[in-house]
Amino acid sequence: MAGITPEVYRKKMSRAYELPLVYMVMLFQFVCMLLLAFRDGPVETFSLTMSVCLPIGTYLGLKILSRLFYADRCIYILVAFLCSLGIILLRAVLKKETDASEQSFFVGIGFVFMLIGAFVGSRSAMNEKFLHTVMPVCLGVMCLPFIFKTSSAANNWVRIGSIQFQPSEIMKPVLIVMLAKGFSDKSGWRKWAAYVVFSVLACGILFMQPDLGSLFIFFFITVGMFYIGTGNWKTTLFVLLLAAGGVGVFLSILDKVPAFEYLASRIAIWKNPWSGEYENSRQIVQGLISIASGGYFGAGLGLGSADRVAVVSSDYIFAALAEEFGTPFSILVLGVYLLILIRGTMIAMNARSRYHALLAFGCVFALTIQMLLIVCGNLHILPLTGVTLPFVSAGGSSILASMTMIGLVLGVSGVNAEDEYDDLMRISNGEWRDE
């Protein structure tokens, strides 16, 4: 018998499903990009190159992550699948190399952000004075869209020269780290107040932009983490009822306030997109037609017409997914998000510190809320809020933020693995051995 190390222990705990899963993802990447390479007659160089680079990149990323952290590798593989699916869809639907190549670049940078997030997640909570000092800076960053305005009706983007980013996306992991620190303290409202005020001010900025998609995500992150951290269901229920009442009052006066004309038109379009009264209703109509035209088994990779949908690369990427791959595969993709939520919740439940538990829960909860908003928007269940489908939609800010949040979860899973190993050594007096 040989002594077991933390690395070997973690490897044995996940080996049973890790390799078959990663091989399946690599095969999916290879086949899809190879089909796209030969789709239009002459061999397309970019897709052919990516048919090799995507599987190799996925495998190397797994090895690098395994060397640096004792992290949950299953979550990494699921995220790699979603990221590669985004690249495949952009190449198949938009039929332009630049969109897919830009997405590939941001996924590569996102992997670095994931490693940084894993490092931060594997450490203890940040100093409270430091976080209080950073809060005004973060709020200032969120106010940048008011200064560097773009041409969109919602001032939620910042364009400085050729660089464009969305501050609200960057602030999501920051908000989660701050709330995890604040709500992990059992001292009560004296310690929570600063973090609650920060979240309220951030939501107020998003309301004024207006960026209702990010506002809903920030709000539900705060309420969800407050409940998990404090267990105070009465206050949580009161806040939810108060918010529901506020939404009702807001909707009743929406068309009477000139400042909210943009939001009023979006709600009117959602209520009746088939009237043809609004030019922007074409996006919803084309999105629904795209989903329906794919049928049950899909039109086939690269054979759909989702490129007719406005802003399909970000706002309606799920519609493109449904048309290209069909209903069963779309449900499978939703199942992948569900698996990430389940494994992330298990990591949070196994964490030994309140801070790490809140950190892991907040990240997977935020990604799930964001996924539900965009999917329900594409299916016309909710008004389209403009948020992205995590890891799949085009957008550098979204990819980097989502990868950072997954990195935080992986960092916590690594801490859990080390704690489990320490427990085994302690109960066996340091003599536990691998059979």
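Worth pointing out:
- Relative contact order %, the chain, counting alpha carbon pairs below 8 Å whose residues are six or more apart: 25
- The chain, accessible area per residue, ligands and nucleic acids excluded (1.4 Å, Å²): 46
- Gyration tensor (alpha-carbon) shape descriptor, the range 61-136, a/c threshold 1.5: oblate
- The modelled label-to-label distance between residue 331 and residue 119, using points 7 Å beyond Cα along the C-beta direction, is 4.3 nm.
- Within the range 97-112, backbone nitrogen closer than 20 Å to the virtual label 7 Å beyond the Cα of residue 163 toward Cβ: 102-112
- Neighbours of residue 132, meaning other residues whose beta-carbon lies under 15 angstrom from its beta-carbon, give a summed charge of +2 when Lys and Arg score +1 and Asp and Glu score -1.
- Over the chain, DSSP H runs of length four or greater, each weighted -39,500 (n - 2.57), average out per residue to a 222 nm ellipticity of -24500 deg cm²/dmol.
- A cut-off of 5 Å between modelled amide H atoms, ignoring neighbours fewer than 5 places along the same chain, links residue 72 with 413, 414.
- Rounded if a/c under 1.5, otherwise prolate or oblate - the range 292-383, Cα gyration tensor axes: prolate
- Shape category assigned to the chain from the gyration tensor of Cα positions, a/c cut at 1.5: oblate
- Carbon/sulfur fraction of accessible area - the range 179-237, other protein chains in place, 1.4 Å, %: 69
- Projected label distance in nm at residue 101 and residue 311, using a 7 Å step from Cα toward the beta-carbon: 2.6
- With R₀ set to 51 Å, the beta-carbon distance separating residue 139 from residue 423 gives a calculated FRET efficiency near 0.80.
- Computed in the context of the full set of protein chains, the accessible area of the range 32-94 at 1.4 Å probe radius has 70% of its extent on carbon or sulfur.
- Per-peptide packing, taken as the mean over residues of other Cβ atoms within 10 Å, places 29-42, 122-135 in the sequence 29-42, 122-135 from highest down.
- Measuring between their Cα centroids, the range 224-245 and the range 356-426 lie 21 Å from each other.
- Modelled FRET efficiency - R0 41 Å, residue 353 with residue 275, Cβ distances, 0.05 increments: 0.15
- Calculated FRET efficiency, residue 297 to residue 45, Cβ-Cβ distance, R0 = 30 Å: about 0.50 to the nearest 0.05.
- Ranked by the mean number of other Cβ atoms within 10 Å of their residues, highest first, the peptides 54-63, 165-174 come out as 165-174, 54-63.
- Taking 7 Å steps out from each Cα toward its Cβ at residue 109 and residue 127 produces label points 3.0 nm apart.
- Using C-alpha pairs under 8 Å with a sequence gap of at least 6, the mean separation divided by the residue count of the range 45-190 gives a relative contact order of 12 percent.
- Rounded to the nearest Hz, the phi-derived 3J(HN,Hα) couplings of the range 281-289 under the Karplus curve 6.51 cos²θ - 1.76 cosθ + 1.60 (θ = phi - 60°) are 5, 4, 5, 5, 4, 5, x, 5, 5, where x marks glycine and proline.
- Peptides 412-422, 232-242 ranked from most to least packed, by the mean per-residue count of other Cβ atoms within 10 Å: 412-422, 232-242.
The values are calculated or read from the model by the stated rules, or taken from the named source; none is laboratory data. Note that the coordinates shown come from a computational prediction; the quantities given were computed from them, not determined experimentally. Using ideal geometry, Cβ is built from the backbone for each residue, glycine included, and neighbour counts are taken over all protein chains shown. Keep in mind that these areas ignore ligands, DNA and RNA; they rest on the heavy atoms of the full protein, side chains included. Shrake-Rupley method; radii C 1.70, N 1.55, O 1.52, S 1.80 Å.
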